[in-house]
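The values are calculated or read from the model by the stated rules, or taken from the named source; none is laboratory data. Note that the structure is predicted; figures quoted are calculated from it, not measured. Here the Cβ positions follow ideal geometry from the backbone for every residue, glycine too, while neighbour counts run over all protein chains shown.
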């Protein structure tokens, strides 16, 4: 698994006949404990090679720009490919490290050298003659320019613990609150986009997608944005509905996702009324978790195709359980045990847990762990 603590460094240069220098830049980044991002490593993508390169720049923490004797290929815009990558890094305010080969230059390369050399602020400019020298320069520059990009673990644990409080209430229904936050400390959602139709459309499409959709077309929704978060609420509007019919989604600027959804409720079958009033099915809790994790996975697969965010912290609370207990089966009984002191939320883990992208894609192990920890607190 990719180590999220390592800064991602996109290597930009001409491609043809320059592999020795590109590999030297790769080795320099690795020696500096960074993750090099080179287009030749990209898997086959549906996007065009040009868009894939620009997406690679966007997914990285910084750009290592190698200016050789040739300007290289020009894109349909008329600009050099490396020039577009440089501009994308500028636009996204990435750190750019410039390395210039001591060589005769064609007109395009000379113009590029003049442009990047005149843009000094926030950049390092160094010259090299051979791959060995370049490797050493890249290692030194990356070490100087990049520090750790993760949050302090205590800070994340406190943040998740704070967000677990004040879970949404859905009448008499029990509910879970799932909090997932990326380990990287940076902006993931731009609050400026919260009022845009495309942002709402994207969330609706992701929320209604998949085998376990977060939202249902059957129920109405409300949308609201704040200074740093965006919220969608779904309610059954008084209809008789089972678990998962009431949902609240909150997205925070730093990539934190908070999901509340009910895990109890009547399906309208009066034969189950007594059982449903006394128990909450473990299968309903697991289904709610599967829905929540699946949405987070789809969201980051959409926003982060190149895997910039690899590790996340999460925790879960079970809210408004009341006198009910968790039940591992759905069989009807003549009597049920009652839970005493049922006014407190149950927090699955004492502290937030670390998971990877692969856990979001297949959360079965996490779902079992959550239910086991909740069950333990009820015995």
Query - Check on residue 92, within 24 Å of residue 6 (Cβ to Cβ) and surrounded by 21 or more Cβ atoms within 10 Å (Cβ to Cβ) - result: no
Query raised in the report: Out of the stretch 213-240, which residues are over 19 Å from the mean Cα position of the chain (by Cα) and assigned to a loop (DSSP other than H, G, I, E, B)?
Result: 215, 216, 217, 218, 219, 226, 227, 236, 237, 238, 239, 240
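Residues that are within 18 Å of residue 167 (Cα to Cα), at pLDDT 80 or above and not assigned by TED's automatic domain parsing to the domain that holds residue 36: list the helices (runs of 4 or more DSSP H) wholly contained in the stretch 263-373 that include at least 1 such residues. Explain how you work it out, then say what you get.
Working: elements: 273-278, 282-303, 357-361.
Per the criteria, 282-303.
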Report summary line: Note on residue 44: of the conditions (1) under 25 Å from residue 188 (Cβ atoms); (2) within 23 Å of the chain's Cα centre (by Cα); (3) modelled with pLDDT under 90, unmet is (1)
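Results for (1) loosely packed, with under 14 Cβ neighbours inside 10 Å; (2) at pLDDT 90 or above; (3) closer than 17 Å to residue 8 by Cα, shown as yes or no for each residue.
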residue: 116; (1), (2), (3): no, no, no
residue: 123; (1), (2), (3): no, no, yes
residue: 136; (1), (2), (3): no, yes, no
residue: 147; (1), (2), (3): yes, no, yes
residue: 151; (1), (2), (3): no, no, yes
residue: 156; (1), (2), (3): no, no, no
residue: 162; (1), (2), (3): yes, yes, no
residue: 165; (1), (2), (3): yes, yes, no
residue: 182; (1), (2), (3): no, yes, yes
Report task. Sort out which residues of the stretch 53-80 are surrounded by fewer than 23 Cβ atoms within 10 Å (Cβ to Cβ), farther than 28 Å from residue 185 by Cβ and touching a residue at least 40 places away in the same chain (Cβ under 8 Å), and write them in order of number. Result -> 66, 68, 69, 70, 71, 72, 73
